[in-house]
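The values are calculated or read from the model by the stated rules, or taken from the named source; none is laboratory data. All figures in this text were calculated on a predicted structure; none of them were measured in a lab. Here the Cβ positions follow ideal geometry from the backbone for every residue, glycine too, while neighbour counts run over all protein chains shown. All accessible areas refer to the heavy atoms of the entire protein, side chains included, with ligands and DNA or RNA removed. Shrake-Rupley method; radii C 1.70, N 1.55, O 1.52, S 1.80 Å.
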Amino acid sequence: MSQYDTVILGGTLVTPGGEIKKDLGILDGKIAAIDSGLSGQGATEIQADGDFVIPGIIDSHVHINEPGNTDWEGFDTGSKAALAGGVTCLFDMPLNSIPTTVNVDGLQKKLERAQANCRCDFALYGGLIPGYQDQLEALYKAGVVAFKGFMSNSGLDEFPCVDADELKKGMEVIAKLPGMRLALHAEDNELTGRLSKVCSETGQTSFQDFLDSRPIEAELLAIQSAIEISKETNCPIHIVHVSCAEGIDLITEAKNQGIDITVETCPHYFALNSSILETVGALAKCAPPLRNASAVEALRFKLGNGEFDTIGSDHSPCPESMKNGDTFFDAWGGISSLQHAGVISYSILKNDLNLRLSDISKLLSANPAARFNLPNKGSIALGKDADLAIIDFNNDLAISKDNLHYKNPHSPYLGMTFPMQVKQTLVRGQLAYDQGRFKEEFRGRFIRPE
(Lines give C-alpha, C1' and ligand atoms only; values in the text may rest on other atoms or scores of the structure.)
Protein backbone atom coordinates (compact mmCIF):
# COMPACT_ATOMS: atom_id res chain seq x y z
CA MET A 1 0.00 0.00 0.00
CA SER A 2 1.26 3.49 -0.88
CA GLN A 3 2.27 5.65 2.03
CA TYR A 4 1.22 8.92 0.33
CA ASP A 5 -1.55 9.97 -2.01
CA THR A 6 0.90 11.91 -4.18
CA VAL A 7 4.66 12.23 -4.26
CA ILE A 8 6.53 14.96 -6.16
CA LEU A 9 9.96 13.70 -7.09
CA GLY A 10 13.21 15.45 -7.92
CA GLY A 11 12.12 19.07 -7.73
CA THR A 12 13.80 21.97 -5.99
CA LEU A 13 11.47 23.06 -3.19
CA VAL A 14 11.19 26.76 -2.38
CA THR A 15 10.79 26.70 1.39
CA PRO A 16 10.85 29.48 4.00
CA GLY A 17 14.48 28.60 4.72
CA GLY A 18 15.62 28.55 1.10
CA GLU A 19 15.82 26.16 -1.82
CA ILE A 20 16.26 22.44 -1.16
CA LYS A 21 16.29 19.50 -3.55
CA LYS A 22 13.95 17.02 -1.86
CA ASP A 23 10.96 14.86 -2.63
CA LEU A 24 7.59 15.90 -1.25
CA GLY A 25 4.89 13.55 0.05
CA ILE A 26 1.23 14.55 0.21
CA LEU A 27 -1.42 12.81 2.33
CA ASP A 28 -5.04 13.90 2.80
CA GLY A 29 -4.34 17.23 1.12
CA LYS A 30 -1.47 18.13 3.46
CA ILE A 31 2.29 18.17 3.11
CA ALA A 32 3.24 15.02 5.00
CA ALA A 33 6.90 14.51 4.09
CA ILE A 34 9.87 16.52 2.86
CA ASP A 35 12.60 13.96 2.36
CA SER A 36 14.76 12.07 -0.10
CA GLY A 37 14.03 8.67 -1.58
CA LEU A 38 10.22 8.82 -1.69
CA SER A 39 10.02 7.16 -5.10
CA GLY A 40 7.55 4.27 -5.08
CA GLN A 41 5.71 5.55 -2.01
CA GLY A 42 2.98 7.54 -3.75
CA ALA A 43 -0.27 6.33 -5.31
CA THR A 44 0.43 9.08 -7.84
CA GLU A 45 3.94 10.27 -8.61
CA ILE A 46 4.88 13.51 -10.37
CA GLN A 47 8.34 13.91 -11.83
CA ALA A 48 9.74 17.41 -11.27
CA ASP A 49 13.37 16.89 -12.22
CA GLY A 50 14.89 20.21 -13.25
CA ASP A 51 11.82 22.14 -12.07
CA PHE A 52 11.07 24.23 -9.00
CA VAL A 53 8.17 23.63 -6.62
CA ILE A 54 6.86 26.87 -5.14
CA PRO A 55 4.10 27.51 -2.61
CA GLY A 56 0.79 28.12 -4.34
CA ILE A 57 0.31 31.83 -4.97
CA ILE A 58 -2.31 33.59 -2.85
CA ASP A 59 -3.67 36.45 -4.93
CA SER A 60 -5.30 38.71 -2.37
CA HIS A 61 -6.60 41.25 -4.92
CA VAL A 62 -8.92 39.88 -7.60
CA HIS A 63 -12.15 41.13 -9.21
CA ILE A 64 -14.17 38.20 -10.57
CA ASN A 65 -17.53 40.01 -11.17
CA GLU A 66 -19.86 37.03 -10.69
CA PRO A 67 -22.80 37.24 -10.17
CA GLY A 68 -24.22 40.03 -12.27
CA ASN A 69 -21.31 40.82 -14.56
CA THR A 70 -20.16 37.34 -15.52
CA ASP A 71 -19.68 38.55 -19.09
CA TRP A 72 -16.74 40.54 -17.66
CA GLU A 73 -15.25 37.57 -15.78
CA GLY A 74 -16.76 34.58 -14.01
CA PHE A 75 -15.40 32.22 -11.39
CA ASP A 76 -14.92 29.47 -13.98
CA THR A 77 -12.77 31.47 -16.40
CA GLY A 78 -11.10 33.52 -13.69
CA SER A 79 -10.05 30.49 -11.67
CA LYS A 80 -8.78 28.72 -14.80
CA ALA A 81 -6.54 31.72 -15.38
CA ALA A 82 -5.53 31.60 -11.72
CA LEU A 83 -4.53 27.93 -11.83
CA ALA A 84 -2.61 28.42 -15.09
CA GLY A 85 -0.65 31.11 -13.26
CA GLY A 86 0.13 29.03 -10.16
CA VAL A 87 -2.57 30.68 -8.02
CA THR A 88 -4.15 28.24 -5.58
CA CYS A 89 -6.24 30.73 -3.59
CA LEU A 90 -7.79 34.01 -4.72
CA PHE A 91 -9.47 36.73 -2.68
CA ASP A 92 -12.43 38.24 -4.52
CA MET A 93 -13.11 41.94 -4.02
CA PRO A 94 -16.58 43.17 -2.95
CA LEU A 95 -17.37 45.31 -6.00
CA ASN A 96 -17.94 44.85 -9.74
CA SER A 97 -20.40 42.01 -9.14
CA ILE A 98 -24.12 42.61 -8.73
CA PRO A 99 -25.03 42.69 -5.91
CA THR A 100 -21.92 44.00 -4.20
CA THR A 101 -20.90 42.24 -1.00
CA VAL A 102 -21.77 45.04 1.38
CA ASN A 103 -24.21 42.87 3.34
CA VAL A 104 -24.70 39.18 4.07
CA ASP A 105 -27.28 38.73 1.33
CA GLY A 106 -24.82 39.93 -1.30
CA LEU A 107 -22.09 37.78 0.20
CA GLN A 108 -24.26 34.66 0.11
CA LYS A 109 -25.17 35.21 -3.54
CA LYS A 110 -21.49 35.47 -4.45
CA LEU A 111 -20.58 32.48 -2.27
CA GLU A 112 -23.12 30.29 -4.06
CA ARG A 113 -21.63 31.12 -7.45
CA ALA A 114 -18.07 30.66 -6.24
CA GLN A 115 -18.81 27.27 -4.69
CA ALA A 116 -20.39 26.13 -7.95
CA ASN A 117 -17.74 27.43 -10.34
CA CYS A 118 -14.40 28.31 -8.72
CA ARG A 119 -11.61 25.84 -9.51
CA CYS A 120 -9.19 27.07 -6.83
CA ASP A 121 -9.70 27.94 -3.19
CA PHE A 122 -11.19 31.36 -2.57
CA ALA A 123 -11.88 33.95 0.10
CA LEU A 124 -14.32 36.84 -0.09
CA TYR A 125 -14.05 40.47 0.99
CA GLY A 126 -16.82 42.47 2.57
CA GLY A 127 -17.35 46.05 1.44
CA LEU A 128 -17.16 49.27 3.44
CA ILE A 129 -19.39 51.97 1.95
CA PRO A 130 -21.15 54.98 3.52
CA GLY A 131 -24.06 54.10 5.76
CA TYR A 132 -23.37 50.37 5.84
CA GLN A 133 -21.11 50.23 8.88
CA ASP A 134 -23.85 48.34 10.72
CA GLN A 135 -23.40 45.44 8.27
CA LEU A 136 -19.72 44.88 9.03
CA GLU A 137 -20.10 42.62 12.06
CA ALA A 138 -22.57 40.33 10.27
CA LEU A 139 -20.20 40.06 7.31
CA TYR A 140 -17.39 39.21 9.72
CA LYS A 141 -19.46 36.41 11.25
CA ALA A 142 -20.30 35.16 7.75
CA GLY A 143 -16.61 34.60 7.09
CA VAL A 144 -15.18 37.48 5.06
CA VAL A 145 -11.40 37.50 4.91
CA ALA A 146 -11.19 41.30 5.33
CA PHE A 147 -12.98 44.49 4.31
CA LYS A 148 -12.32 46.80 1.38
CA GLY A 149 -13.04 50.49 1.02
CA PHE A 150 -12.31 53.24 -1.50
CA MET A 151 -11.02 56.67 -0.54
CA SER A 152 -11.70 57.92 -4.09
CA ASN A 153 -14.43 57.34 -6.65
CA SER A 154 -14.59 53.61 -7.46
CA GLY A 155 -16.24 54.26 -10.81
CA LEU A 156 -19.33 52.34 -9.68
CA ASP A 157 -22.41 54.04 -8.25
CA GLU A 158 -23.27 50.97 -6.18
CA PHE A 159 -19.93 51.11 -4.36
CA PRO A 160 -19.35 54.74 -3.30
CA CYS A 161 -16.18 55.87 -1.61
CA VAL A 162 -15.91 56.82 2.05
CA ASP A 163 -14.84 60.25 3.24
CA ALA A 164 -12.78 60.65 6.40
CA ASP A 165 -15.80 60.62 8.73
CA GLU A 166 -17.35 57.52 7.17
CA LEU A 167 -13.96 55.83 7.09
CA LYS A 168 -13.44 56.48 10.77
CA LYS A 169 -16.87 55.04 11.62
CA GLY A 170 -16.05 51.89 9.68
CA MET A 171 -12.60 51.54 11.18
CA GLU A 172 -13.99 51.89 14.70
CA VAL A 173 -16.20 48.86 14.03
CA ILE A 174 -13.53 46.80 12.27
CA ALA A 175 -11.04 47.43 15.08
CA LYS A 176 -13.36 45.51 17.43
CA LEU A 177 -13.58 42.43 15.16
CA PRO A 178 -10.77 40.01 16.08
CA GLY A 179 -8.29 39.38 13.30
CA MET A 180 -9.94 41.75 10.83
CA ARG A 181 -8.30 44.45 8.77
CA LEU A 182 -9.35 46.99 6.18
CA ALA A 183 -7.86 47.05 2.69
CA LEU A 184 -7.91 50.53 1.22
CA HIS A 185 -7.72 52.03 -2.24
CA ALA A 186 -5.82 55.14 -1.22
CA GLU A 187 -6.19 58.12 -3.55
CA ASP A 188 -7.51 61.48 -2.40
CA ASN A 189 -11.02 61.96 -3.78
CA GLU A 190 -11.06 65.74 -3.55
CA LEU A 191 -7.84 66.15 -5.51
CA THR A 192 -8.54 63.53 -8.18
CA GLY A 193 -12.11 64.78 -8.56
CA ARG A 194 -11.03 68.39 -8.97
CA LEU A 195 -8.29 67.59 -11.48
CA SER A 196 -10.58 65.30 -13.48
CA LYS A 197 -13.25 67.98 -13.61
CA VAL A 198 -10.77 70.49 -15.01
CA CYS A 199 -9.77 68.00 -17.70
CA SER A 200 -13.39 67.38 -18.63
CA GLU A 201 -14.29 71.06 -18.78
CA THR A 202 -11.29 71.95 -20.92
CA GLY A 203 -11.47 68.95 -23.24
CA GLN A 204 -8.14 67.56 -22.03
CA THR A 205 -8.94 63.86 -22.27
CA SER A 206 -5.78 62.11 -23.51
CA PHE A 207 -3.98 59.40 -21.58
CA GLN A 208 -1.45 61.98 -20.40
CA ASP A 209 -4.28 64.14 -19.05
CA PHE A 210 -5.58 61.11 -17.17
CA LEU A 211 -2.14 60.52 -15.67
CA ASP A 212 -1.95 64.17 -14.64
CA SER A 213 -5.37 63.94 -12.98
CA ARG A 214 -4.18 61.17 -10.63
CA PRO A 215 -0.76 62.36 -9.42
CA ILE A 216 1.41 60.71 -6.79
CA GLU A 217 0.31 63.47 -4.44
CA ALA A 218 -3.21 61.98 -4.43
CA GLU A 219 -1.84 58.70 -3.14
CA LEU A 220 0.24 60.38 -0.46
CA LEU A 221 -2.65 62.47 0.86
CA ALA A 222 -4.89 59.41 1.17
CA ILE A 223 -2.23 57.15 2.68
CA GLN A 224 -1.40 59.76 5.30
CA SER A 225 -5.08 60.20 6.15
CA ALA A 226 -5.57 56.44 6.46
CA ILE A 227 -2.55 56.19 8.74
CA GLU A 228 -3.86 58.93 11.02
CA ILE A 229 -7.29 57.31 11.32
CA SER A 230 -5.74 53.89 11.90
CA LYS A 231 -3.64 55.34 14.68
CA GLU A 232 -6.72 56.93 16.25
CA THR A 233 -8.94 53.82 15.99
CA ASN A 234 -6.36 51.01 16.29
CA CYS A 235 -7.79 49.48 13.12
CA PRO A 236 -5.31 47.34 11.14
CA ILE A 237 -5.06 48.51 7.52
CA HIS A 238 -3.63 47.14 4.29
CA ILE A 239 -2.93 49.72 1.58
CA VAL A 240 -3.44 48.12 -1.82
CA HIS A 241 -1.81 48.75 -5.21
CA VAL A 242 0.68 51.38 -4.10
CA SER A 243 2.44 52.73 -7.19
CA CYS A 244 5.07 55.06 -5.75
CA ALA A 245 8.15 54.90 -3.55
CA GLU A 246 7.05 57.99 -1.63
CA GLY A 247 3.97 56.10 -0.43
CA ILE A 248 6.20 53.33 0.88
CA ASP A 249 8.19 55.89 2.87
CA LEU A 250 5.00 57.00 4.65
CA ILE A 251 4.01 53.41 5.37
CA THR A 252 7.47 52.40 6.61
CA GLU A 253 7.46 55.38 8.95
CA ALA A 254 4.04 54.35 10.25
CA LYS A 255 5.27 50.79 10.84
CA ASN A 256 8.17 52.20 12.84
CA GLN A 257 5.64 54.04 14.98
CA GLY A 258 3.90 50.77 15.80
CA ILE A 259 0.87 51.20 13.53
CA ASP A 260 -0.61 47.93 12.25
CA ILE A 261 -0.24 48.59 8.53
CA THR A 262 0.89 46.54 5.53
CA VAL A 263 1.27 47.40 1.87
CA GLU A 264 0.70 45.78 -1.50
CA THR A 265 1.89 46.58 -4.98
CA CYS A 266 0.96 45.00 -8.31
CA PRO A 267 3.07 43.63 -11.17
CA HIS A 268 2.02 46.36 -13.59
CA TYR A 269 3.63 48.99 -11.38
CA PHE A 270 7.08 47.41 -11.64
CA ALA A 271 6.79 45.65 -15.03
CA LEU A 272 5.32 48.54 -17.05
CA ASN A 273 5.60 52.29 -17.15
CA SER A 274 3.32 54.98 -18.51
CA SER A 275 4.98 55.02 -21.94
CA ILE A 276 3.15 51.80 -22.83
CA LEU A 277 -0.10 53.77 -22.96
CA GLU A 278 1.09 55.23 -26.24
CA THR A 279 0.87 51.79 -27.86
CA VAL A 280 -1.71 49.72 -25.97
CA GLY A 281 -3.94 52.58 -24.84
CA ALA A 282 -6.62 51.84 -22.26
CA LEU A 283 -5.67 48.15 -21.99
CA ALA A 284 -3.12 49.47 -19.47
CA LYS A 285 -5.41 52.02 -17.82
CA CYS A 286 -5.68 51.55 -14.06
CA ALA A 287 -5.95 53.57 -10.87
CA PRO A 288 -3.59 54.61 -9.45
CA PRO A 289 -2.18 54.94 -12.95
CA LEU A 290 1.10 53.64 -14.31
CA ARG A 291 3.98 55.94 -13.43
CA ASN A 292 6.94 57.15 -15.49
CA ALA A 293 10.18 55.21 -15.86
CA SER A 294 12.02 56.96 -13.03
CA ALA A 295 9.14 56.36 -10.62
CA VAL A 296 9.11 52.69 -11.59
CA GLU A 297 12.83 52.41 -10.84
CA ALA A 298 12.28 53.99 -7.43
CA LEU A 299 9.48 51.50 -6.74
CA ARG A 300 11.69 48.60 -7.81
CA PHE A 301 14.33 49.78 -5.34
CA LYS A 302 11.75 49.54 -2.54
CA LEU A 303 10.83 46.04 -3.66
CA GLY A 304 14.45 44.97 -3.71
CA ASN A 305 14.92 46.51 -0.29
CA GLY A 306 12.13 44.40 1.23
CA GLU A 307 9.77 47.29 2.00
CA PHE A 308 6.63 45.75 0.47
CA ASP A 309 4.53 43.11 2.21
CA THR A 310 2.46 41.56 -0.57
CA ILE A 311 1.98 41.50 -4.32
CA GLY A 312 -1.53 41.15 -5.76
CA SER A 313 -2.67 41.18 -9.36
CA ASP A 314 -5.59 43.65 -9.02
CA HIS A 315 -7.10 41.62 -11.86
CA SER A 316 -9.92 43.92 -13.03
CA PRO A 317 -11.29 42.54 -16.30
CA CYS A 318 -14.01 43.77 -18.62
CA PRO A 319 -15.27 43.22 -22.17
CA GLU A 320 -12.83 44.70 -24.65
CA SER A 321 -15.52 47.10 -25.86
CA MET A 322 -15.38 48.85 -22.48
CA LYS A 323 -11.76 49.75 -23.18
CA ASN A 324 -12.88 51.76 -26.22
CA GLY A 325 -14.56 54.81 -24.68
CA ASP A 326 -14.97 58.10 -26.50
CA THR A 327 -12.07 59.42 -24.44
CA PHE A 328 -9.37 57.83 -22.32
CA PHE A 329 -11.30 58.98 -19.24
CA ASP A 330 -14.40 57.07 -20.40
CA ALA A 331 -12.60 53.74 -20.87
CA TRP A 332 -12.84 51.16 -18.08
CA GLY A 333 -9.88 51.29 -15.72
CA GLY A 334 -8.47 47.89 -14.88
CA ILE A 335 -5.80 45.49 -16.09
CA SER A 336 -6.36 41.79 -16.76
CA SER A 337 -3.40 40.18 -15.04
CA LEU A 338 -4.45 37.26 -12.82
CA GLN A 339 -2.91 34.58 -15.04
CA HIS A 340 0.54 36.16 -15.24
CA ALA A 341 0.96 38.12 -12.01
CA GLY A 342 3.07 35.38 -10.45
CA VAL A 343 5.01 34.71 -13.64
CA ILE A 344 5.87 38.40 -14.03
CA SER A 345 6.71 38.86 -10.36
CA TYR A 346 8.98 35.84 -10.05
CA SER A 347 10.70 36.64 -13.35
CA ILE A 348 11.44 40.30 -12.62
CA LEU A 349 12.25 39.95 -8.93
CA LYS A 350 14.53 36.96 -9.56
CA ASN A 351 16.31 38.10 -12.71
CA ASP A 352 16.31 41.90 -12.46
CA LEU A 353 16.29 42.53 -8.70
CA ASN A 354 18.23 39.41 -7.66
CA LEU A 355 15.81 38.43 -4.91
CA ARG A 356 15.93 34.91 -3.55
CA LEU A 357 13.04 32.68 -4.56
CA SER A 358 12.16 32.21 -0.89
CA ASP A 359 11.81 35.99 -0.48
CA ILE A 360 9.66 36.27 -3.60
CA SER A 361 7.42 33.50 -2.33
CA LYS A 362 6.88 35.46 0.88
CA LEU A 363 5.45 38.39 -1.10
CA LEU A 364 3.15 36.16 -3.14
CA SER A 365 2.26 33.41 -0.66
CA ALA A 366 3.50 33.45 2.93
CA ASN A 367 2.85 37.12 3.69
CA PRO A 368 -0.74 37.16 2.34
CA ALA A 369 -1.44 34.00 4.38
CA ALA A 370 -0.03 35.60 7.51
CA ARG A 371 -1.67 39.00 7.06
CA PHE A 372 -5.10 37.52 6.44
CA ASN A 373 -4.91 34.76 9.07
CA LEU A 374 -4.72 31.66 6.90
CA PRO A 375 -2.28 29.53 8.94
CA ASN A 376 -2.66 26.40 6.79
CA LYS A 377 -1.54 28.12 3.61
CA GLY A 378 1.34 30.04 2.13
CA SER A 379 4.48 27.93 2.47
CA ILE A 380 6.04 24.53 1.89
CA ALA A 381 6.21 23.07 5.38
CA LEU A 382 4.99 19.94 7.13
CA GLY A 383 1.29 20.05 7.97
CA LYS A 384 0.45 22.89 5.58
CA ASP A 385 -2.09 22.55 2.80
CA ALA A 386 -0.41 21.03 -0.26
CA ASP A 387 -0.98 24.14 -2.38
CA LEU A 388 1.85 24.00 -4.89
CA ALA A 389 2.97 25.05 -8.34
CA ILE A 390 5.62 23.25 -10.37
CA ILE A 391 7.46 25.73 -12.53
CA ASP A 392 10.12 25.93 -15.21
CA PHE A 393 12.46 28.93 -15.30
CA ASN A 394 13.68 28.18 -18.82
CA ASN A 395 10.60 29.24 -20.74
CA ASP A 396 10.33 31.54 -23.73
CA LEU A 397 6.63 31.23 -24.54
CA ALA A 398 5.17 34.62 -25.44
CA ILE A 399 1.87 35.67 -23.88
CA SER A 400 -0.83 35.52 -26.53
CA LYS A 401 -4.60 35.53 -26.77
CA ASP A 402 -4.46 31.83 -27.58
CA ASN A 403 -3.09 30.97 -24.14
CA LEU A 404 -5.20 33.36 -22.05
CA HIS A 405 -8.05 31.82 -20.05
CA TYR A 406 -9.92 35.04 -19.26
CA LYS A 407 -13.53 35.50 -20.32
CA ASN A 408 -12.26 38.41 -22.39
CA PRO A 409 -8.73 37.58 -23.60
CA HIS A 410 -7.06 40.97 -23.63
CA SER A 411 -4.02 42.16 -21.71
CA PRO A 412 -1.30 44.80 -22.03
CA TYR A 413 1.20 41.93 -21.70
CA LEU A 414 0.34 40.35 -25.05
CA GLY A 415 3.50 39.58 -27.00
CA MET A 416 5.76 39.85 -23.94
CA THR A 417 7.94 36.95 -22.81
CA PHE A 418 8.89 36.07 -19.24
CA PRO A 419 11.28 33.22 -18.40
CA MET A 420 8.87 31.24 -16.24
CA GLN A 421 6.17 28.74 -17.07
CA VAL A 422 3.70 27.14 -14.69
CA LYS A 423 3.55 23.46 -15.61
CA GLN A 424 1.27 22.07 -12.90
CA THR A 425 -0.77 23.45 -10.01
CA LEU A 426 -2.00 21.46 -7.03
CA VAL A 427 -4.72 22.67 -4.65
CA ARG A 428 -4.74 20.79 -1.37
CA GLY A 429 -2.90 17.96 -3.10
CA GLN A 430 -5.27 17.73 -6.06
CA LEU A 431 -3.72 18.21 -9.49
CA ALA A 432 -6.10 20.95 -10.63
CA TYR A 433 -3.99 22.12 -13.61
CA ASP A 434 -1.63 20.04 -15.71
CA GLN A 435 0.13 21.68 -18.66
CA GLY A 436 -2.93 23.29 -20.22
CA ARG A 437 -5.52 20.84 -18.92
CA PHE A 438 -7.86 21.26 -15.97
CA LYS A 439 -9.39 18.69 -13.65
CA GLU A 440 -12.95 19.39 -14.67
CA GLU A 441 -14.73 18.05 -11.59
CA PHE A 442 -12.48 19.79 -9.05
CA ARG A 443 -13.81 22.81 -7.16
CA GLY A 444 -12.10 24.99 -4.60
CA ARG A 445 -13.20 25.64 -1.04
CA PHE A 446 -14.41 28.77 0.70
CA ILE A 447 -11.53 29.77 2.96
CA ARG A 448 -12.31 31.65 6.16
CA PRO A 449 -9.67 33.31 8.33
CA GLU A 450 -8.74 31.58 11.57
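So residue 387 fits all but one of (1) open to solvent by less than 40 Å² (accessible area, probe 1.4 Å); (2) over 30 Å from residue 177 (Cα atoms); what number is the exception?
The number of the failed condition is (2).
Residue 192 - would you say it is at pLDDT 95 or above and either in contact with a strand residue (DSSP E or B) (Cβ under 8 Å, 6 or more places away or on another chain) or within 27 Å of residue 243 (Cα to Cα) (or both)?
yes
Among the listed residues 171, 180, which satisfies the condition of being assigned to a loop (DSSP other than H, G, I, E, B), surrounded by 18 or more Cβ atoms within 10 Å (Cβ to Cβ), in contact with a helix residue (DSSP H, G or I) (Cβ under 9 Å, 6 or more places away or on another chain) and not acidic (Asp, Glu)?
None of the others qualify; the one that does is 180.
Which of the residues belonging to the stretch 304-334 are among the aliphatic types (A, V, I, L, M) and over 12 Å from the mean Cα position of the chain (by Cα)?
Selection gives 322, 331.
When you check residue 59 against the structure, is it assigned to a loop (DSSP other than H, G, I, E, B) and out of contact with any Pro (no Cβ under 7 Å at 6 or more places or on another chain), yes or no?
Judged against the criteria, residue 59 is not a match.
Could you list, ordered by first residue, the pairs with Cβ atoms under 6 Å in which the first is in the stretch 411-426 and more than 12 Å from residue 340 (Cβ to Cβ) and among the basic types (Lys, Arg) and the second is open to solvent by 40 Å² or more (accessible area, probe 1.4 Å) and in a loop (DSSP other than H, G, I, E, B), at least 6 apart or interchain?
Qualifying pairs under 6 Å: 423/435.
Within the stretch 361-368, identify whether any single residue is open to solvent by less than 40 Å² (accessible area, probe 1.4 Å) and either under 24 Å from residue 207 (Cβ atoms) or among the basic types (Lys, Arg) (or both), and answer yes or no.
No, every residue in the stretch 361-368 fails to be open to solvent by less than 40 Å² (accessible area, probe 1.4 Å) and either under 24 Å from residue 207 (Cβ atoms) or among the basic types (Lys, Arg) (or both).
May I ask you to verify whether residue 58 is under 22 Å from residue 105 (Cα atoms) and under 15 Å from the mean Cα position of the chain (by Cα)?
In short, no.
Hand me the list of helices (runs of 4 or more DSSP H) wholly inside the stretch 327-435 holding 1 or more residues that are touching a Leu at 6+ places or on another chain (Cβ under 6 Å).
341-351, 357-361
Scan the stretch 309-325 for residues that are in a loop (DSSP other than H, G, I, E, B) and closer than 16 Å to residue 277 by Cα and jot them down.
324, 325
Within the stretch 25-40, how many residues are open to solvent by less than 20 Å² (accessible area, probe 1.4 Å) and either at positive phi or over 27 Å from the mean Cα position of the chain (by Cα) (or both)?
4
So, in the stretch 1-24, of the ones that are in a loop (DSSP other than H, G, I, E, B) and without any contact (Cβ under 8 Å) to a residue 24 or more places away in the chain, which residue ends up farthest from the chain's Cα centre (by Cα)?
The selected residue is 1.
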